[in-house]
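A quick write-up on the structure given underneath.
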Amino acid sequence: MAGVATHNNKLKQLLAELTRRSRTATTVQDLLEITELAARFNAPLVYRNQLQYVLAAVFVLAGALLLFFQHQYYLYIRPSGWTGFTLLMTAAAGLLLFALSRNRSISRLSNDIFTKNVLFDNQLKPLAEKDVANQLLAAFLEFKRGNYSRKIEQLYQGHSASDNSSFSYYFYHFHYVDKRRETYTESDGKGGTRIRTRTVYDHYHRYGICVPEFKNPAVMVYSHAPEHKLPAAYRPASNRFNNHYRVQSTDEMQAARLMKPAVVIAFEDLYPILQRPNVELQPDAGLCLSFNDNNLLLAKRQYSLQQPQLFRQEIAAHTPLDKLHQALHFIHHLANHAAISLQDARL
């Protein structure tokens, strides 16, 4: 057992160091050095839980014997027997949970490292500045949702470039809550029913990309109706488009200038990619593309620190976020045509 304790102590110290390095990593190279440190451990990155398993088995056996002997002696099981049995089972369960959870911590650390790597690969960095989040909340009608609370839970900053355009952008996770009262029926305990009222909080999540430097007159193209709208409606000729979207603007002619056939087709192609997409353009705030999808920044991890060499190769390889890049490609396409529409407006 001394060897087991030594292994576990060394592993605990290693994981503490890997966690510290993961939190302070700023480049892919920093993450690769973490995997190299894990590889030099020269032993599996798994806690050895034999002691916990043996003790849990002893507690389970002791509980079973306690009930057996009480039943043999008293011909029934006394309350004290059930109390002792419960305590022993609780202790056994606690040991098993402890053993399982500390090995899961290795998987969680692997997830953290891989997530950071995905952000690095796709030129994204977390933003903690509340001022930026508050500016976005105030700038777009998309965020005028939730009669109880609204908050940008996560915010990232990125940059995207194509042959014809480039821009910096924010990727956000928006959480809003609607508060409502509802009635329900319950038994009155006398064979009848009674009507009660309760407060219900409905939680919703939206995600999106905001591009502040995108300049265009106010236009909204939405498939998920916002609570606040613009005064002038516009309807393109495409039935496919109109089956999914509605268009509003401060000026119908501004919407018509933007919604050229190529832009209408781009919106039609976007609908199967993103769930409930909305696009809002504001002259002073830029563009906001919003949707229900929660997986644009997610990629599937194949390996972990428990396979350090393979995990190193996975970290070293570029991990694209295809759905994010499809959304960014749409914005680039829209940016090119928005520039054309602005030129038309100046004529």
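The values are calculated or read from the model by the stated rules, or taken from the named source; none is laboratory data. All of these numbers come straight from a predicted model, not from anything done at the bench. For neighbour counting, all protein chains shown are included, and Cβ atoms are generated from backbone atoms with ideal geometry for every residue, glycine included.
Data overview
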| quantity | calculated |
| --- | --- |
| Number of the condition not met by E36 [criteria: (1) within 26 Å of F98 (Cβ to Cβ); (2) part of a helix (DSSP H, G or I)] | (1) |
| Among the candidates K116, K144, residue that is within 20 Å of the chain's Cα centre (by Cα) and either closer than 29 Å to H329 by Cβ or hydroxyl-bearing (S, T, Y) (or both) | K116 |
| Residue, surrounded by the fewest Cβ atoms within 10 Å (Cβ to Cβ), within segment 304-325, restricted to residues that are without any contact (Cβ under 8 Å) to a residue 40 or more places away in the chain and closer than 30 Å to P44 by Cα | A317 |
| Boolean, L328 is within 23 Å of V211 (Cβ to Cβ), touching a helix residue (DSSP H, G or I) at 6+ places or on another chain (Cβ under 7 Å), buried (at least 18 other Cβ atoms within 10 Å of the Cβ) and assigned by TED's automatic domain parsing to the domain that holds Y204 | no |
| Extreme residue, nearest to E280 (Cα to Cα), among residues of segment 129-152 that are of a type in the set (G, A, S) and surrounded by 12 or more Cβ atoms within 10 Å (Cβ to Cβ) | A139 |
| Of the criteria (1) touching a Cys at 6+ places or on another chain (Cβ under 9 Å); (2) at pLDDT below 95, which one S166 fails | (1) |
| Residue check, E36 touching a residue at least 60 places away in the same chain (Cβ under 8 Å), acidic (D, E), within 30 Å of P126 (Cα to Cα) and in contact with a helix residue (DSSP H, G or I) (Cβ under 8 Å, 6 or more places away or on another chain) | yes |
| Helices (runs of 4 or more DSSP H) lying entirely in segment 44-148 (those with 1 or more residues that are assigned by TED's automatic domain parsing to the domain that holds L230, free of Cβ contacts under 8 Å to residues at least 12 places away in the same chain and more than 21 Å from N8 (Cβ to Cβ)) | 130-139 |
| Failed item, numbered, when N239 is tested on (1) under 24 Å from R145 (Cβ atoms); (2) surrounded by fewer than 14 Cβ atoms within 10 Å (Cβ to Cβ); (3) not hydrophobic (A, V, I, L, M, F, W, C) | (1) |
| Residue ranges of helices (runs of 4 or more DSSP H) in segment 251-347 with at least 1 members closer than 20 Å to A237 by Cα, modelled with pLDDT of 95 or more and touching a His at 6+ places or on another chain (Cβ under 9 Å) | 261-270 |
| Check on L31, assigned by TED's automatic domain parsing to the domain that holds A92 and either in a helix (DSSP H, G or I) or under 27 Å from the mean Cα position of the chain (by Cα) (or both) | yes |
| Near pairs, Cβ below 7 angstrom, 6+ apart or cross-chain, from segment 204-220 (assigned by TED's automatic domain parsing to the domain that holds Y176 and more than 23 Å from P236 (Cβ to Cβ)) to any residue that is among the aliphatic types (A, V, I, L, M) and assigned to a loop (DSSP other than H, G, I, E, B) | Y207/L296; P212/A285 |
| Segment 184-211, residues that are of a type in the set (S, T, Y), under 28 Å from K144 (Cβ atoms) and more than 24 Å from the chain's Cα centre (by Cα) | T197, T199 |
| Within segment 70-128, considering residues that are in contact with a helix residue (DSSP H, G or I) (Cβ under 9 Å, 6 or more places away or on another chain), under 30 Å from H318 (Cα atoms) and small (G, A, S), the one modelled with the lowest pLDDT | S105 |
